[in-house]
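Right, one structure below, let's go through it.
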Amino acid sequence: MQPLIELKNICFSYPSGRKVLENINLEIYQGKKVGLIGSNGSGKTTLLHVIMGLLPATSGQIFLFGEEMLKEKNFAKARRRIGFVFQNADDQLFSPTVLEDVAFGPLNLGKTKEQARQIAQSTLEGLGLLALKDRVAYRLSGGEKRMVALATVLAMDPDILILDEPTTGLDDATSHRITHLLESIDKTCLIVSHEYEFLSQTTEVFYGMESGLLKYLGDSSALHTHIHIHPAGALPHKH
């Protein structure tokens, strides 16, 4: 079976010369839910941006859906099949109303205005957000914005979901809603979080990241509250 995401010896450095990613190798197969954990500044978000083609890898190879990502046109094609939820929901919401934000993706995929509107309404209804459809996104609460940002990618029915810290700063109720959704959804997922309990509930396997290095850490069921991970990804343990 061919992985949907395959990274081979990926490195990334900023023009200043500061190295952020070092020889990253990763394979994610269809239907798998993969977690990525690590401290702030460890390179997690940078890795997601490199996978999406938002930052160019300094070296190495990226394969998405079996195709090597050689140019922006390759990434543009692949991004149509990937739902990427940014860490900051404000980076994702830009239309006059919530309904228009959620309909934007389906429109970009070639749906008619009426089809896109129906998909957007159905997606919002499924997430319990239909009451927000005529609201202006920037006036929503942080939790509402995060849920709407998730709705914008789910409306595109992507083959892969990539989520960057989806529960950071949320109240317990919204965090539980997102956890339940990701537990029940039948999609390939790559989820970045620093919350151990959240990853234990929403992923199957997890990796640790520290100082640009990635290491496979095993079954996500080993993760729970009060477990910590040592630098460079040593296996978690209790005190």
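Readers should treat all values here as calculations from the given coordinates under stated rules, not as data from a laboratory. All figures in this text were calculated on a predicted structure; none of them were measured in a lab. Don't worry about glycine lacking a Cβ; one is built from the backbone with ideal geometry, like all the others, and counts go over all protein chains shown.
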With a cut-off of 12 Å, note down the residues of segment 4-40 whose backbone N falls inside the zone around a label point 7 Å from the Cα of Lys73 toward its beta carbon.
none
Do you know the relative contact order of the chain, to the nearest whole percent, from alpha carbon pairs under 8 angstrom that are 6+ apart?
24
In the chain, what percentage of the DSSP-assigned beta bridges are antiparallel, given to the nearest 5?
55
Asn25-Ser122 pseudo-label distance in nm [points 7 Å out on the Cα-to-Cβ vector]
4.3
Residues with amide H under 5 Å of Leu161's amide H, sequence separation 5 or more or different chain, H placed in the peptide plane at 1.01 Å from N; which?
Gly83, Thr188, Cys189, Leu190
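With each run of n ≥ 4 DSSP H residues scored as -39500 (n - 2.57), what mean residue ellipticity at 222 nm is computed for the chain after dividing by its residue count and rounding to the nearest 500 deg cm²/dmol?
For the chain, the value works out to -9500 deg cm²/dmol.
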The ³J(HN,Hα) series, computed from each phi in segment 8-16 with the Karplus coefficients 6.51, -1.76 and 1.60 at θ = phi - 60°, rounded to the nearest Hz and given as x for glycine or proline, is 10, 6, 6, 10, 9, 10, 6, x, 5
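Determine, for each peptide in 150-158, 208-216, 54-62, the mean count of other beta carbons within 10 angstrom over its residues, then list the peptides with the highest first.
So the order, starting with the most tightly packed, is 150-158, 208-216, 54-62.
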Once the Cα atoms of helix 142-154 and of the chain are each reduced to a long axis, what angle between those two axes, in degrees from 0 to 90 to the nearest 10, is obtained?
90
Alpha carbon centroid spacing (whole Å) that separates segment 1-57 from segment 123-144
31
Ascending count of other beta-carbon atoms within 10 Å, so fewest first, for Asp101, Asp134
Asp134, Asp101
Contact order normalised by residue count of segment 88-157, Cα under 8 Å, 6+ apart, percent
47
Ranking of Arg146, Arg18 by count of other Cβ atoms within 10 Å, fewest first:
Arg18, Arg146
Provide Lys77, Lys32, Lys44, Lys113 in ascending order of the number of other Cβ atoms located within 10 Å of each residue's Cβ, fewest first.
Lys113, Lys77, Lys32, Lys44
